[in-house]
Amino acid sequence: MNASSGVLRRLPLTALSATLAITPLHAQTNAFSGTVALNSQLVDRGVAITPVTPVLQGAASWATASGWVFGLSAGTQARRPRHGSDVLAQVDHYWLLSGDWRMQAGLAYYTYPGNASARAFDRAEASVGWLYRDVLSFGLSAVTLTRGNNHQPRGAADVDFHWPLPAHFSLTAGVGVAQPLPAWSYSGGAAYGTPAYPGSYYYTYHRQRPSSYYGYGQVGLAWAYDAWRVELDRIATDPSQRQMAAAPWVATISWSF
């Protein structure tokens, strides 16, 4: 949605998906851009998708002069490349509403091939959002899981804030509310480094009310210079999701081209 991190573009896909939105709206020519990022954990709306381990990701996007943006990103756990990958494909369209406001609508597909513990999060997502001067954004999403038997749509709403500071720093913050994505909720834990599950991360699930909601948020400090961006975020997740919650701190370093 915007160039800042936040709950609207979930961490750490934030650093990658954001490249799909920073291309100038209605540019005179088509534009290609990309990002390579290293993250401390893969997080989706306050929920941990991987253990706390380096996650290497890459993204590419192509923006047209008419406001269309097509993007693809992929990543994997740096220490275990064959386990714990993620793929995101999306298409967005932007409209200029005024000198200060623009609107975005898009479709995205998330999948986690090679990451058995995160397959419950495979989904298609439709979203609509509004952005004010690259400072404040608000978005609504409808999510449908693509695995299992429960394809009931789930909703989410997110607000993001990005404020420039001196010396190439900026403050980022965001809050959101969503219905839990999996039809089941996490009740297991990380078996990382144990003899039975060397270097693995597993989920077990118990039933959760489909109508339930949980809140999440983040506040962070980012530094950006030329193609480089470094960000550290403090993550908070509703206590009802504490067994699935992300680590309290998530760090990202990225390079864009």
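The values are calculated or read from the model by the stated rules, or taken from the named source; none is laboratory data. Just so it is clear, the structure is predicted and the values come from calculations on it, not from any experiment. With ideal geometry, Cβ positions are generated from the backbone for all residues, glycine too; neighbour counts draw on all protein chains shown. To get the accessible areas, we keep the full protein, side chains included, count just its heavy atoms, and leave off ligands, DNA and RNA. Shrake-Rupley method; radii C 1.70, N 1.55, O 1.52, S 1.80 Å.
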Exercise. Inspect region 112-130 for any residue being part of a helix (DSSP H, G or I), surrounded by fewer than 17 Cβ atoms within 10 Å (Cβ to Cβ) and out of contact with any Pro (no Cβ under 9 Å at 6 or more places or on another chain) and give the result as yes or no.
Key: yes
Quiz item: From the residues in region 206-217 that are closer than 15 Å to residue 154 by Cβ and open to solvent by 40 Å² or more (accessible area, probe 1.4 Å), which one is modelled with the highest pLDDT?
Solution: 213
Exercise. Select from region 56-96 the residues that are of a type in the set (S, T, N, Q) and not in a loop (DSSP other than H, G, I, E, B) and write down the one among them that is nearest to residue 30 (Cα to Cα).
Key: 61
Practice problem: Just name the residue that is farthest from residue 180 (Cα to Cα) out of those in region 218-239 that are open to solvent by 70 Å² or more (accessible area, probe 1.4 Å) and not in a strand (DSSP E or B). | Solution: 226
Self-check item: Flag if residue 133 is open to solvent by 40 Å² or more (accessible area, probe 1.4 Å), within 21 Å of residue 42 (Cβ to Cβ) and among the charged types (D, E, K, R)
Solution: no
Self-check item: Unique match (being at pLDDT 90 or above, open to solvent by 40 Å² or more (accessible area, probe 1.4 Å) and closer than 14 Å to residue 85 by Cβ) among 56, 38
Solution: 56
Practice problem: Looking only at region 198-205, decide whether some residue is modelled with pLDDT of 95 or more and exposed (fewer than 12 other Cβ atoms within 10 Å of the Cβ). | Solution: no
Quiz prompt | Yes/no for residue 65 being over 24 Å from residue 149 (Cβ atoms) and exposed (fewer than 14 other Cβ atoms within 10 Å of the Cβ) | solution = yes
Quiz item: Does residue 53 satisfy being polar (S, T, N, Q) and in a strand (DSSP E or B)?
Solution: no
Exercise. Select from region 149-173 the residues that are open to solvent by 60 Å² or more (accessible area, probe 1.4 Å) and in a loop (DSSP other than H, G, I, E, B) and write down the one among them that is farthest from residue 224 (Cα to Cα).
Key: 149
Exercise. Identify all residues within region 240-257 that are touching a strand residue (DSSP E or B) at 6+ places or on another chain (Cβ under 7 Å), in a loop (DSSP other than H, G, I, E, B) and either open to solvent by 30 Å² or more (accessible area, probe 1.4 Å) or of a type in the set (Phe, Trp, Tyr) (or both); write none if there are none.
Key: 243, 248, 257
